[in-house]
Amino acid sequence: MKVLLATEKPFSPAAVSGIKDILTEAGHTLALLEKYTEPSQLLEAVADAEALIIRSDKVTEEVIAAAPKLKIVVRAGAGYDNVNLEAATARGIVVMNTPGQNSNAVAELAISLAIYMARNQFNPGTGSEIAGKRMGCHAFGNIGKLVAKYAHGFGMEVYASGRRPIDSPECDHPLATAEELYKVSDILSIHLPSTPQTKKMVGRSLLSLLPKGAIVVNTARKDVIDEEGLMAVLEERPDIKYATDVRPDNYDALKEKFGNRVFATPKKMGAETAEANLNAGLAAARQIVGFFATGDTTFQVNK
Ligand code: 3PG
């Protein structure tokens, strides 16, 4: 089978070579489309692909239509909001993610952003420590649990709320609602998936509940934030800081108004580690091999 690895933000050479080895050994052929700049390049490259591995690359209705032989798409990573599931499902294409494979990289980034903001982005002046503070995890999946574990290592107390009741040794205080969580979190770390239900979920009504001096860290998707609400709260509450993995749409305006109280990575950096590239990339290749060999659809997200 022809497997296309299409990554606008490429995996490390070691991960690409590992993916190639797994696929070749199973009798498949790897085609590479890296660092492409136009959606038309992806449309052209998928024309004869039977399987597709992507990262945050957008698999739109057009991409599906341009890939008549496509049977499986594996998002090497956790969030699959970049794949048009309806279009894939309508064509009988299996869509999978590789849950947990890059969680550690994202969790480490969340903790480092918290410290970076607590220390005023390492500018002169008095910062603060995270030890003894309350970490709040908004959603408690693979990443939230790791953030909680590392927060304990830093001497923090962990609070969390999620879609389902939380029963985990990593959470000291499971809370029933996001409102209760925001009221107590000195550092509020967002781990919500991007879904129609979570779009703009974090806005003025939640953020204005935060305790004095709180730091908000968003290593989830930017669309879970209501940017106007964020802007309003930063205006009303000069004590609050915001750090995010990937620029919000209104980043220039936020920077101009709030300077070092806000920080955004220029490109999504959560999963940008050698380890995460290998874990997610190799898992994606193995899942494709399993799918064609035995029909294994573990991790299918469009069942
Ligand atoms: C994910 O959903 O797995 C992360 O956001 C990583 O995205 P990336 O592969 O584009 O770095």
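The values are calculated or read from the model by the stated rules, or taken from the named source; none is laboratory data. Predicted, not measured: the structure shown is a model, and the values here were computed from it. Ideal geometry is used to build each Cβ from the backbone, glycine not excepted, and the neighbour counts take in all protein chains shown. These area figures cover heavy atoms from the full protein model, side chains too; ligands, DNA and RNA do not enter into them. Shrake-Rupley method; radii C 1.70, N 1.55, O 1.52, S 1.80 Å.
Once you compute Rg and the Kirkwood Rh from C-alpha atoms, what is the Rg to Rh ratio for the stretch 85-157?
Numbers: Rg = 17.6 Å, Rh = 14.5 Å.
My calculation of the ratio gives 1.21.
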In the chain, with Lys and Arg counted as +1 and Asp and Glu as -1 at Cβ, which of these residues, 93, 196, 113, has the Cα nearest the positive end of the dipole, that is, farthest along it?
113
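What per residue convex hull volume, in Å³, comes out for the stretch 1-132 when only alpha-carbon positions are used? Working shown, then result.
Working: hull volume 19.1 nm³, N = 132.
Spread over its residues, the Cα hull of the stretch 1-132 gives 145 Å³ apiece.
By per-residue mean of other Cβ atoms within 10 Å, what is the highest-first order of 291-303, 209-221, 256-268?
Working: 291-303: 13.8, 209-221: 22.0, 256-268: 15.7.
Final packing ranking: 209-221, 256-268, 291-303.
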What share of Cα pairs, in percent, lie more than 37 angstrom apart in the chain?
20 percent
Can you work out ³J(HN,Hα) from phi for every residue in the stretch 45-61, in order, using Karplus 6.51 cos²θ - 1.76 cosθ + 1.60 and θ = phi - 60°, giving whole Hz and x for Gly and Pro?
5, 7, 3, 10, 7, 9, 9, 9, 10, 9, 10, 8, 4, 7, 9, 8, 4
Post the alpha-carbon centroid distance, the stretch 189-229 to the stretch 82-147, in whole angstrom.
12 Å
Report relative contact order for the stretch 29-158 in percent, whole number only (criteria: Cα-Cα under 8 Å, sequence separation at least 6).
16 percent
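Beyond a 22 Å Cα-Cα separation, which of these cross-linked pairs lie in this structure: 133/183; 183/257; 58/199; 69/303; 149/212? Let's see the in-between values first.
On the way: 133/183 13 Å; 183/257 25 Å; 58/199 18 Å; 69/303 20 Å; 149/212 24 Å.
Over 22 Å apart, Cα to Cα: 183/257; 149/212.
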Residue 237 paired with residue 47, simple spin-label distance in nm, labels 7 Å along Cα-to-beta-carbon
5.4 nm
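Once you keep just the Cα pairs under 8 angstrom separated by 6 or more residues, what percentage relative contact order results for the stretch 39-89?
41 percent
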What accessible area, in Å² to the nearest ten, does a 1.4 Å probe give for residue 56?
50 Å²
Could you size up the charge dipole of the chain around its Cα centre, putting +1 on the beta carbon of Lys and Arg and -1 on that of Asp and Glu, and report it in debye to the nearest 20?
220 debye
Ranking by accessible area, most exposed first, for 135, 1 with a 1.4 Å probe:
1, 135
Cut-off under 18 Å on the C-alpha distance; same-chain residues fewer than 8 positions from residue 255 excluded. Which aspartates and glutamates are left, in chain and number order?
226, 227, 228, 235, 236, 239, 245
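Just to confirm a number: summing +1 for Lys and Arg and -1 for Asp and Glu over residues other than residue 174 whose beta-carbon lies under 13 angstrom from that of residue 174, what do you get?
Values: positive: 145, 163, 164; negative: 157, 167, 170, 172, 180.
Combined, the nearby Lys, Arg, Asp and Glu give -2.
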